[in-house]
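Data first, discussion second: the structure below is written as structure tokens.
The values are calculated or read from the model by the stated rules, or taken from the named source; none is laboratory data. This is a predicted model, so every value here is computed, not measured. Please note: Cβ atoms are built from the backbone with ideal geometry, for glycine as well, and neighbour counts cover all protein chains shown. All accessible areas refer to the heavy atoms of the entire protein, side chains included, with ligands and DNA or RNA removed. Shrake-Rupley method; radii C 1.70, N 1.55, O 1.52, S 1.80 Å.
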Amino acid sequence: MSDGQARWSAVDDYITGLLVGPDPALDAALEVNARAGLPAIDVSPAQGKLLHLLARSIGARRILEIGTLGGYSTIWLARALPVDGRLITLEYSPVHAEVAASNIARADLDKVVEIRQGRALDALPGVADDIDEPFDLVFIDADKPSNADYFTWALRLTRPGSVIIVDNVVRGGRVLEADSDDAAVQGTRRFNEVLAAETRVSATEIQTVGSKGHDGFALAVVLEA
């Protein structure tokens, strides 16, 4: 670990200790994920709380998450919902979906959260058919080559004022590499180009450093359907 990464992680620990603190359900989710062999690519605690606060700040009642993993970010988002709120989360891996279901049930959120297992691009038409009102917030954190397609779907499933968040858009700075042979980098660049050309949203991207290294996220507010 480089000196820079060690310092970023230490600052994250400091922030988490001050402003997030221990949480039995969230801490257990990370432990269960690790025991199940899931990749340690969950959002950080500080990032999870940011998602929670963003959802609360807009009074979100309907949330769509693309990419569940073990349900850590799902729990953060679902806790921002009112009692009659709903969160649909899409997860490709049956193993990840099973782990997420146990974590979400332990957090007592299984009546609010619905996990749909399968390829997200196959599941999204069904989501569109099933919902009776648009989503207030969409969080995209799945396979990066499909980000532009997920974003296009997010626009179809939201309303003016909705927020769309896309994670991992900087990729350690490799997003600058136009000739990269990394599919995730190329998928991220394609998404960024689609985002920049999209007149129906106002958007920005923020670089981040921390326990997850150097990365960033996109934040878009829908202006018109």
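Structure summary
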{"item": "Members of the stretch 153-176 found to be charged (D, E, K, R) and at positive phi, listed by number", "result": "Arg171"}
{"item": "Qualifying residue in the stretch 45-65 (condition: hydroxyl-bearing (Ser, Thr, Tyr), within 30 Å of Ala225 (Cβ to Cβ), open to solvent by 40 Å² or more (accessible area, probe 1.4 Å) and part of a loop (DSSP other than H, G, I, E, B))", "result": "no"}
{"item": "Residues located in the stretch 158-182, provided they are in contact (Cβ under 8 Å) with a residue 24 or more places away in the chain, surrounded by 19 or more Cβ atoms within 10 Å (Cβ to Cβ) and more than 19 Å from Val43 (Cα to Cα)", "result": "Thr158, Ser162"}
{"item": "Qualifying residue in the stretch 193-208 (condition: touching a Gly at 6+ places or on another chain (Cβ under 9 Å), among the β-branched types (Val, Ile, Thr), more than 14 Å from Leu90 (Cβ to Cβ) and open to solvent by 60 Å² or more (accessible area, probe 1.4 Å))", "result": "yes"}
{"item": "Restricting the stretch 3-40 to residues that are open to solvent by 70 Å² or more (accessible area, probe 1.4 Å) and of a type outside the set (A, V, I, L, M, F, W, C), the residue that is modelled with the lowest pLDDT", "result": "Asp3"}
{"item": "Breaking point among (1) in contact with a Leu (Cβ under 6 Å, 6 or more places away or on another chain); (2) farther than 20 Å from Tyr72 by Cβ, for Val138", "result": "(2)"}
{"item": "In the stretch 101-127, the residues that are out of contact with any Phe, Trp or Tyr (no Cβ under 8 Å at 6 or more places or on another chain), surrounded by fewer than 21 Cβ atoms within 10 Å (Cβ to Cβ) and small (Gly, Ala, Ser)", "result": "Ala101, Ser102, Ala105, Ala123, Gly126"}
{"item": "Options Val43, Val113; residue that is modelled with pLDDT of 95 or more, within 23 Å of Lys144 (Cα to Cα) and not basic (Lys, Arg)", "result": "Val43"}
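To keep it simple, each residue is scored yes or no on (1) within 16 Å of the chain's Cα centre (by Cα); (2) in a loop (DSSP other than H, G, I, E, B); (3) touching a residue at least 24 places away in the same chain (Cβ under 8 Å); (4) within 20 Å of Ala142 (Cβ to Cβ).
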residue	(1), (2), (3), (4)
Thr68	yes, yes, yes, yes
Leu77	yes, no, yes, yes
Pro82	no, yes, no, no
Thr89	yes, no, yes, yes
Val95	no, no, yes, yes
Val99	no, no, yes, yes
Ile104	yes, no, yes, yes
